[in-house]
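Asker: Got a structure for you, questions after.
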Amino acid sequence: MYQGTDIKQLSLQELKDILIANNFPEFHATQIFEWIYKRFAVSFSNMTNLPKTLRQFLESRFVVSLSALKHTFISKDGTKKFVVSLYDNSIIETAYIPSQKRNTLCVSSQVGCKFNCSFCASTSCPWVRNLSSGEIVDQVLLVKRDILGVNITHIVFMGIGEPLDNLKNVLAAIKIINSPSGFDIGKRRITISTCGIIPQILKLSKEHLRVELSISLHSPDEIKRSLIMPINKKYPLKELIAALREYQQISDRQITFEYILIKNLNTDKVSALKLKKLLSGLDYKLNLINFNKITGVDLQPATSEEKKAFTSCLKELKIRFTLRKPRGQDILAACGQLRANNEK
């Protein structure tokens, strides 16, 4: 166990309050933030424009860096997967996905996952604990250090774990990610993905953060969705959609629905018709995702014929969709493939 508090768990205002309470000028908080998040300092002794007394105070109370980059895997398409070791030797994974218009970082929020979605590799590793806000922010820092000179434009909470099950720490991390003195990434470029925990969605709406919200949908049918996503038994689609309408009314944000194409499950005409009814009245975008094969899972990717017929049906019904291109499959960094253990 490390000694001291990880300073990356503090917002800029919290750090200012601590400095003021200990008779230091609050403007030093902005300097400290910029040393950590823009200059990647890992030691208070490196913060040379701070008074020596302040550096000694910080060293007595806080630590800067706890996580370590264990392995990096590079895909032929440019995607990178980072295996990160935490202070207690727990392992998480983070994926960096570059493209022409954006550079996206997919971050984890928990060690393992509780929710047992059958199409996701993360659930093969039992839930261990939540990540602290500092451990979430560390993922961004580690990747930025590794790819110096490349700007991360978007953050998606779509890695290991359910972000809304760790909402407090996710929100604290978002404040640093969004802060001009932190990573300065706009709220419209930050996305939280969830399997559909209704009370937390409603709680998030009351935060007025106006970040993007993405829903793991994968079937518009209550029975089929419950088969692949046990959370649907507790929070069924009808109630979930009602909560999303409320979130959209408050946040004025478009809702994204993620829809993995699975053979003989969710690519038939009936599914398309149910999708039309389910999404009616919402401002949404629908992302169709190829199922990425996972060892030990019986589900299979939809065939080319199934995908062609399904997308044709969606067009006829005037359902807006994007067929997402798979990224990082060769390094197990694609959708649903991140795990909370160290793969060889």
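The values are calculated or read from the model by the stated rules, or taken from the named source; none is laboratory data. What you are looking at is a predicted structure, and each value in this text was computed from that prediction instead of being measured. Note that we place each Cβ from the backbone using ideal geometry, even for glycine, and neighbour counts take in every protein chain shown. Calculation scope for accessible area: heavy atoms of the full protein, side chains included, ligands and nucleic acids excluded. Shrake-Rupley method; radii C 1.70, N 1.55, O 1.52, S 1.80 Å.
Asker: Could you grab the pairs with beta carbons closer than 8 Å, sequence gap of 6+ or different chains, first residue in segment 243-261 and under 30 Å from Q300 (Cβ atoms), second one open to solvent by 10 Å² or more (accessible area, probe 1.4 Å) and among the acidic types (D, E)?
Answerer: I255/D283; T256/E212; L261/E306
Asker: Okay, next question. Which numbered condition in (1) over 30 Å from I7 (Cα atoms); (2) in a strand (DSSP E or B); (3) among the hydrophobic types (A, V, I, L, M, F, W, C) is the only one that A242 fails?
Answerer: Checking A242 against (1) over 30 Å from I7 (Cα atoms); (2) in a strand (DSSP E or B); (3) among the hydrophobic types (A, V, I, L, M, F, W, C), the one that fails is (2).
Asker: Another question, then. Take S193 and tell me if it is buried (at least 20 other Cβ atoms within 10 Å of the Cβ), of a type in the set (G, A, S) and either modelled with pLDDT under 95 or touching a Pro at 6+ places or on another chain (Cβ under 8 Å) (or both).
Answerer: Judged against the criteria, S193 is a match.
Asker: Next question. I'd like the full set of residues that are open to solvent by 40 Å² or more (accessible area, probe 1.4 Å) and either under 30 Å from L265 (Cα atoms) or free of Cβ contacts under 8 Å to residues at least 60 places away in the same chain (or both), limited to segment 73-101.
Answerer: D77, N89, I97, S99, Q100, K101
Every residue, every condition in (1) in contact with a strand residue (DSSP E or B) (Cβ under 8 Å, 6 or more places away or on another chain); (2) open to solvent by less than 10 Å² (accessible area, probe 1.4 Å); (3) modelled with pLDDT of 95 or more, yes or no:
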{"site": "N130", "(1), (2), (3)": "yes, no, yes"}
{"site": "S133", "(1), (2), (3)": "no, yes, yes"}
{"site": "V140", "(1), (2), (3)": "yes, yes, yes"}
{"site": "V150", "(1), (2), (3)": "yes, no, no"}
{"site": "I155", "(1), (2), (3)": "yes, yes, yes"}
{"site": "M158", "(1), (2), (3)": "yes, no, yes"}
{"site": "P163", "(1), (2), (3)": "yes, yes, yes"}
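Asker: Run P199 past the list (1) more than 19 Å from K8 (Cβ to Cβ); (2) under 11 Å from the mean Cα position of the chain (by Cα); (3) part of a helix (DSSP H, G or I) and report the number of the one that doesn't hold.
Answerer: (2)
Asker: Consider segment 313-342. How many of its residues are out of contact with any strand residue (DSSP E or B) (no Cβ under 8 Å at 6 or more places or on another chain) and either open to solvent by 50 Å² or more (accessible area, probe 1.4 Å) or not polar (S, T, N, Q) (or both)? Walk me through how you get there before you give the answer.
Answerer: Within segment 313-342, the first condition is being out of contact with any strand residue (DSSP E or B) (no Cβ under 8 Å at 6 or more places or on another chain), and the residues that meet it are 313, 315-318, 325, 329-330, 334, 337.
Keeping just the survivors that are either open to solvent by 50 Å² or more (accessible area, probe 1.4 Å) or not polar (S, T, N, Q) (or both) gives 313, 315-318, 325, 329-330, 334.
The number of residues fulfilling the criteria is 9.
Asker: Quickly run through segment 213-225 and pick out the residues that are open to solvent by 20 Å² or more (accessible area, probe 1.4 Å) and without any contact (Cβ under 8 Å) to a residue 40 or more places away in the chain.
Answerer: Of everything in segment 213-225, those that are open to solvent by 20 Å² or more (accessible area, probe 1.4 Å) and without any contact (Cβ under 8 Å) to a residue 40 or more places away in the chain turn out to be E222, I223.
Asker: Please state which one of R210, R253 is under 20 Å from the mean Cα position of the chain (by Cα), more than 23 Å from S122 (Cβ to Cβ) and open to solvent by less than 20 Å² (accessible area, probe 1.4 Å).
Answerer: None of the others qualify; the one that does is R253.
Asker: So, one more: I'd like to know if segment 100-116 contains one or more residues that are within 19 Å of D330 (Cβ to Cβ) and part of a loop (DSSP other than H, G, I, E, B).
Answerer: No: zero hits.
Asker: Sticking with this one: Among the residues of segment 66-83, which ones are under 24 Å from T5 (Cβ atoms) and assigned to a loop (DSSP other than H, G, I, E, B)? Give the derivation first.
Answerer: Initial filter on segment 66-83 (under 24 Å from T5 (Cβ atoms)): 66-70.
The answer is L66, S67.
Asker: Picking from K234, K285, which residue would you name as being closer than 25 Å to P326 by Cα, out of contact with any Asp or Glu (no Cβ under 7 Å at 6 or more places or on another chain), open to solvent by 70 Å² or more (accessible area, probe 1.4 Å) and of a type outside the set (S, T, Y)?
Answerer: So the residue among K234, K285 that is closer than 25 Å to P326 by Cα, out of contact with any Asp or Glu (no Cβ under 7 Å at 6 or more places or on another chain), open to solvent by 70 Å² or more (accessible area, probe 1.4 Å) and of a type outside the set (S, T, Y) is K285.
Asker: Which of (1) in a loop (DSSP other than H, G, I, E, B); (2) among the charged types (D, E, K, R); (3) open to solvent by 70 Å² or more (accessible area, probe 1.4 Å); (4) over 18 Å from I176 (Cβ atoms) does R39 not meet, given it meets every other one?
Answerer: Unmet for R39, out of (1) in a loop (DSSP other than H, G, I, E, B); (2) among the charged types (D, E, K, R); (3) open to solvent by 70 Å² or more (accessible area, probe 1.4 Å); (4) over 18 Å from I176 (Cβ atoms): (4).
Asker: What is the number of the single condition among (1) under 13 Å from the mean Cα position of the chain (by Cα); (2) more than 21 Å from V84 (Cβ to Cβ) that V140 does not meet?
Answerer: (2)
Asker: Also, quick follow-up: Answer with yes or no whether F119 is open to solvent by 30 Å² or more (accessible area, probe 1.4 Å), in a loop (DSSP other than H, G, I, E, B) and either in contact (Cβ under 8 Å) with a residue 24 or more places away in the chain or more than 23 Å from I36 (Cα to Cα) (or both).
Answerer: On the way: open to solvent by 30 Å² or more (accessible area, probe 1.4 Å): no; in a loop (DSSP other than H, G, I, E, B): yes; either in contact (Cβ under 8 Å) with a residue 24 or more places away in the chain or more than 23 Å from I36 (Cα to Cα) (or both): yes.
No; evaluated as a whole, the condition is false for this residue.
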